[in-house]
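Quick note: the coordinates plus some simple rules give every number you see, no bench work behind them. Since we're looking at a predicted model, the values are computed, not measured. Here Cβ is always computed from backbone atoms with ideal geometry, including for glycine, and neighbour counts include all displayed protein chains.
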Amino acid sequence: MTPWPARPNRGPERRHIRAPLARGALALAAVLLPSGSAFAAGDSAADGVGESAGDGDRKGVDDKANAALLAPGATAHEPQDPPPGPTFAAAFNPLGAPSPITLVDPGAVDLSAFEPPRGPRVLRSLGTKVASYYGKRFHGRLTANGERFDMNAMTAAHKTLPFGTRVRVTNPANGRAVTVRINDRGPFIAGRAIDLSRAAAQRIGLIQRGHARVQLDIVAP
């Protein structure tokens with residue numbers, strides 16, 4: 001029967017491999033754990049491993065390398081704190097502080113400097129009255145103030161208002177309005193207060209019905 005070959009003796013090689021690993025683990029534990037922990041005596045344990053491995057000089061080199069990794073002034077049991085950074089509140093703008101980001105379109109209208117157009121200033125309201133109009137049959141004839149009637153001009157006839165008075169006529173049915181100048185007398189039909197020229201009546205949508213209730217206001221010239 002053939003005997004098994006003798007197993008080679010690898011004890012010294014394995015001891016040389018295990019010794020540096022053990023010393024590195026103990027050095028890491030000494031940095032992470034407080035000084036009063038069970039691993040605080042890592043130096044003596046590392047010495048024992050070094051003595052068993054027969055590599056005391058190698059242990060001194062590893063200790064110097066571990067010490068070089070620490071910041072100046074720090075010890076193996078006092079890890080260095082990270083540099084202080086900005087606080088959480090400092091990352092946000094306080095209320096009321098101007099924002100550096102501008103979201104306004106450069107072409108937008110500045111409403112603070114925008115003045116909407118204004119209508120004529122109302123001097124006196126005449127209330128709601130019935131208005132009618134007159135056109136082609138009277139076109140070119142003399143009016144009560146001596147002018148020629150022009151059905152395409154913004155004029156009107158009223159029984160009592162002085163000539164030249166400006167009246168704003170508003171049709172509440174559609175919201176349209178027109179300002180006319182009084183230059184004639186009329187209308188002479190009961191229940192009607194003002195006769196508009198054909199152009200003025202067309203402006204407020206009065207042509208189809210011929211007459212309608214409107215709001216009359218005397219306005220400034």
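Backbone N atoms of region 157-191 closer than 12 Å to the 7 Å Cα→Cβ label point of Asn145 belong to residues 157-158, 161-167, 180-185. Taking other residues whose beta carbon is less than 11 angstrom from the beta carbon of Arg198, and scoring Lys, Arg as +1 and Asp, Glu as -1, yields +1. Going from the residue with the fewest nearby Cβ atoms within 10 Å to the one with the most, Thr143, Thr160 rank Thr160, Thr143. Summary value for region 122-219: 44 percent relative contact order, contacts being C-alpha pairs under 8 angstrom separated by 6+ residues. Beta bridges from DSSP with both residues in region 122-219: antiparallel share about 75 percent, rounded to the nearest 5. The residues packed around Arg185, meaning those with a beta-carbon under 10 Å from its beta-carbon, carry a net charge of -1 if Lys and Arg are +1 and Asp and Glu are -1. A cut-off under 13 angstrom between Cβ atoms defines the neighbours of Arg213, and their net charge, with Lys, Arg +1 and Asp, Glu -1, is +3.
Residues Asp217, Asp150, ranked from the fewest to the most other C-beta atoms within 10 Å, line up as Asp150, Asp217.
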